[in-house]
1. Restricting attention to region 15-49, which residues are under 19 Å from P201 (Cβ atoms) and of a type in the set (A, V, I, L, M, F, W, C)?
2. Which of the residues that make up region 30-64 are more than 25 Å from F229 (Cβ to Cβ), of a type in the set (A, V, I, L, M, F, W, C) and touching a Leu at 6+ places or on another chain (Cβ under 8 Å)?
3. Output yes when any residue across region 1-20 is aromatic (F, W, Y), at pLDDT below 95, under 21 Å from L172 (Cβ atoms) and surrounded by fewer than 16 Cβ atoms within 10 Å (Cβ to Cβ), and no when none is.
4. Among the residues of region 138-174, which ones are closer than 23 Å to A114 by Cα, surrounded by 17 or more Cβ atoms within 10 Å (Cβ to Cβ) and hydrophobic (A, V, I, L, M, F, W, C)?
5. Could you identify the single residue in R136, R144, R173 that is touching an Asp or Glu at 6+ places or on another chain (Cβ under 7 Å) and at pLDDT 95 or above?
6. Quick one: V51 ticks every box in (1) within 21 Å of F212 (Cα to Cα); (2) more than 19 Å from the chain's Cα centre (by Cα); (3) among the β-branched types (V, I, T); (4) crowded, with 16+ Cβ neighbours inside 10 Å bar one, so which box is it?
7. What do you reckon, is F212 in a strand (DSSP E or B) and in contact with a helix residue (DSSP H, G or I) (Cβ under 7 Å, 6 or more places away or on another chain)?
8. Give me the pairs: first residue in region 196-217 and among the β-branched types (V, I, T) and at pLDDT below 95, second residue buried (at least 20 other Cβ atoms within 10 Å of the Cβ) and not in a strand (DSSP E or B), beta-carbon distance under 8 Å, and six or more apart or on different chains, which are they?
Amino acid sequence: MIDTFIAPPCHDTIEMLYQDEHLVLINKPSGLLSLSGKNPQNLDSVHHRLVQIFPGCTLVHRLDFGTSGLMVVARNKVINAALCQQFSQRRVTKVYSALLCGHVHDDEGVIDAAIVKDPANFPRMSICAIGGKPARSRFRVVERFYQTQEDDRLLPLSRVELIPETGRTHQLRIHCQHLGHPILGCDLYGGRLTPGTERAPRLMLHASELHFVHPISNTWINARNASPF
């Protein structure tokens, strides 16, 4: 399938949270691609911007277009390899903040559901026990509340903390849908509000914590960045 997505211009800047000669920690804005697309109209991205500041830098991991939050960027190939190894061996802890549609019943739990590409609905993924790659996420409800809509109706929402134990494409988005509570503002997995109600301005998913070992100093980096919503 051909990706026909054209990213609208992103006027938000990338916030530099920490940098040394080996790596950079950033806060990615929502609405910015992690990597440039094949279409020249999708040139703007985290990597495209940062490589002009840090020549030779590479992305160790990605965040979806609509997701904001913490990313670690390697400034050379040696650091990239070392960090990629930590990610592949699941020694990196990632924590996300999200707003889910509805009130999640359980205070915490685990979503264990294999994920596979959906060839009929690119770029969507699907839950598939047969042939899917194992995927596991933990969730914890922080708050249940109601948001008043433009027509004065009350929209039930749950603020949750999400911890992916694997790193599949769209994992948190499709796992929350599987839970029965899609992420607010998600256009692919059912988080758009019903017609006539106030629409979410963005995908309500933010990478709020990133914990890993610095490849050179061997000290723990415990990065935190509060959710903007």
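The values are calculated or read from the model by the stated rules, or taken from the named source; none is laboratory data. Note that the coordinates shown come from a computational prediction; the quantities given were computed from them, not determined experimentally. Note that we place each Cβ from the backbone using ideal geometry, even for glycine, and neighbour counts take in every protein chain shown.
1. Once the filter is applied, which keeps residues that are under 19 Å from P201 (Cβ atoms) and of a type in the set (A, V, I, L, M, F, W, C), region 15-49 yields L32, L33.
2. Those that are more than 25 Å from F229 (Cβ to Cβ), of a type in the set (A, V, I, L, M, F, W, C) and touching a Leu at 6+ places or on another chain (Cβ under 8 Å): C57, V60.
3. yes
4. F139, V141, V160, L162, L172, I174, listed by residue number.
5. Unique residue meeting the criteria: R136.
6. Result: V51 fails condition (1) only.
7. In short, yes.
8. Pairs that qualify, where the first residue is among the β-branched types (V, I, T) and at pLDDT below 95 and the partner is buried (at least 20 other Cβ atoms within 10 Å of the Cβ) and not in a strand (DSSP E or B): there are none.
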